[in-house]
1. Condition test on D275, is it of a type in the set (D, E) and without any contact (Cβ under 8 Å) to a residue 60 or more places away in the chain?
2. Quick one: E45 ticks every box in (1) part of a loop (DSSP other than H, G, I, E, B); (2) over 20 Å from G285 (Cβ atoms) except a single one, so which number is it?
3. Within the stretch 499-506, identify whether any single residue is part of a helix (DSSP H, G or I), farther than 25 Å from V581 by Cα, assigned by TED's automatic domain parsing to the domain that holds A562 and touching a helix residue (DSSP H, G or I) at 6+ places or on another chain (Cβ under 9 Å), and answer yes or no.
4. Can you tell me which residue is surrounded by the most Cβ atoms within 10 Å (Cβ to Cβ) among those in the stretch 1-60 that are touching a strand residue (DSSP E or B) at 6+ places or on another chain (Cβ under 8 Å) and of a type in the set (F, W, Y)?
5. Tell me yes or no: at least one residue of the stretch 216-233 is at pLDDT below 95, closer than 16 Å to A123 by Cα and either among the aromatic types (F, W, Y) or touching an Asp or Glu at 6+ places or on another chain (Cβ under 8 Å) (or both).
6. For the stretch 557-571, what are the residues that are over 16 Å from L481 (Cβ atoms) and within 40 Å of the chain's Cα centre (by Cα)?
7. For F280, are the conditions met, namely being modelled with pLDDT under 90, farther than 18 Å from H248 by Cβ and crowded, with 22+ Cβ neighbours inside 10 Å?
8. For the condition in contact (Cβ under 8 Å) with a residue 12 or more places away in the chain, surrounded by fewer than 18 Cβ atoms within 10 Å (Cβ to Cβ), of a type outside the set (K, R) and in a loop (DSSP other than H, G, I, E, B), what is the one hit in L417, L392?
Amino acid sequence: MAGRILKEDIDTLREQADIVAVVGDYTTLKRAGRSFKGLCPFHSERTPSFNVTPDGNFFTCFGCGESGDIYDFLMRIEGLDFPEAVEQLARRTGFTLRYEQMSARERRAVGERSRLVAVTAAARDFFTRQLYADDGRVARDYLKSRGFGKQEAEAFELGFAPNRWDALSRALTAEGVDERDLITTGLALRNDRGGLRDRFRGRLIFPIHDPGGDVIGFGGRVLPELDYGDFEPPKYLNSAETPLYKKHRVLYGVRQARSDIVRAEQVLVCEGYTDVMALFQAGVGNAVATCGTAVGVEHLRMLSRYASRVVLAFDGDAAGVAAAERAWEAAREVADGGDGARLDLRVLVLPEGQDPADLAAELGPDGMRRAVDDATPVVPFVIRHRLADAELSTEAGRTSALKAALEVLGREPDADLRREWARTEIADRIGLSYGFVATSAARQGVALDAHEGVARPVRTADATTGSGRAGNDRARTRARLERSVLRVAMQHPELLPDEWYELTEEDLTHPRAKAVWRAVTAAGGAGVPLAVVIDHADDDAVRGTLRQLALEDDPETEDREAAPAVAAGRVRRLLADRLEVEEARLRAELAELNHATDPERVLEMQRELGERQRRRRQLMTQPDA
């Protein structure tokens, strides 16, 4: 999108949107006091630890540590960048965004995209109506023969293009759509007489969406029961390249699969539309398909926003290996592109004659998920293919096989994986010692460590003494105390005693507690709205801690009568600890003084020591101190 969204609109939308309604699309929420609680959509759990707070529109999970505001949630669950999250939330809520620093040309581009998306949406609606009309029975019967029903048709917004030359063009121009826009979106072409003819005729229609949910193109499949006359159309036909549709950047089903991809932290890439639908039907929702092209850089760059593991559903034949190698090359280009997207690329080898849909039907949802989880990393997959046809019974054959396998291994950038696969995929399979493989690799320019053992680092805890463990226990106890004080400041500032205002950042020992204190102080002190405090936090980690503190349960302060004394006691313990440290310092200085030559200084320090002792006793003798 050209131009920046006005900050005023970003802030207003954040405040007005209902985070409970948005999150409720991904997990069931139940009210729990001031917030709502449910199972975390970002990790598997049985006991709800995911909290959503309407006051401030933020969320936090005490299980996996994820937290943020409504935009952070959409970015994480949908794999969006920040502007996309803002724009998606605006679409959800009907909020009109404004943009700044847009030239006249940029404004025209924004307007053109909006106009063209409206045309493709109108076409999608037309195709959907036709699917359920009388002429669409042939398409419905085909879907039924493939085991698909209304649920799948609605989930993927399937449609039917009537077997007529200009059914779509006539319908949309009658609704006021400009003929030029039908041509620009690839839905129609000029015929010999200057009129329009539809690109898609007599086909089951698969709308193709961009990650934001806009329809940008279509795929169409011929139907066995239709008569196409003397013309033999291709089995599948996709949209032509348009300002909206770029096949090298498009993946079918990404809109439906995106949240499942994020939750599973991996994506399964298939070759066919119906594969994606069958997997969806089988309960495997994290599958997408390429639109008639090989997996490329732009595909993987898009997927890297949602998950780090990409599993390719390919045949184990030479064509499948070649496709896997092309995808691997694209993955390396993505990793080298400076965006830090290091993908774990794997291959789910399909049994001969089966597609992903067949495999899902055979294994069931749980078995299919296990198969995807156990998919072969791309390097072993390619190496195994190199060795499959090798003549390993002769010295010359083993030498040739070793050279071919090392050529593949040398493209793996991870040194640990190179060592592992040199041993398991090359040495063990060819029947050579690891040392020989490592030496051969070095001659071939592939770096391997010839030593099989790796020293295990000694953990600090293994070598600690009893006093060290006691020190760790004291540090943990102190951290819990500091957190409990800051929790009161975030949730119940009215309970804080006067001594709160005596505290400084130096009274806190944990780095995160200090950072929270700085944010609260910079925002104006305890009692300031959470959103304001978050704006003053140093980084995302501190913002996450602030949100957790605002939501954490505190059983000791639930009793409203006892809560003031509990809160006061915690603050006073922090002050008493400071005084105890100062007393120790004064005693150490007194021990160094000469009472005979510096009596006045001795008396002054004795008075200071006495004042701190009295103050500490006073604090410690008050209730709950």
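The values are calculated or read from the model by the stated rules, or taken from the named source; none is laboratory data. The structure presented is a predicted model; accordingly, all values stated were derived computationally and were not measured. Methodologically, a virtual Cβ is constructed for each residue, glycine included, from the backbone with ideal geometry; neighbour enumeration extends over all protein chains shown.
1. no
2. (2)
3. At the first step, the residues of the stretch 499-506 found to be part of a helix (DSSP H, G or I) are 499-502, 505-506.
Now drop any that are not farther than 25 Å from V581 by Cα, which leaves none.
No, there is no match, as no residue in the stretch 499-506 is part of a helix (DSSP H, G or I), farther than 25 Å from V581 by Cα, assigned by TED's automatic domain parsing to the domain that holds A562 and touching a helix residue (DSSP H, G or I) at 6+ places or on another chain (Cβ under 9 Å).
4. Filtering the stretch 1-60 for residues that are touching a strand residue (DSSP E or B) at 6+ places or on another chain (Cβ under 8 Å) and of a type in the set (F, W, Y), the one surrounded by the most Cβ atoms within 10 Å (Cβ to Cβ) comes out as F59.
5. yes
6. Matches in the stretch 557-571: E558, D559, A563.
7. So F280 does not fit the description; no.
8. Result of the check over L417, L392: L392.
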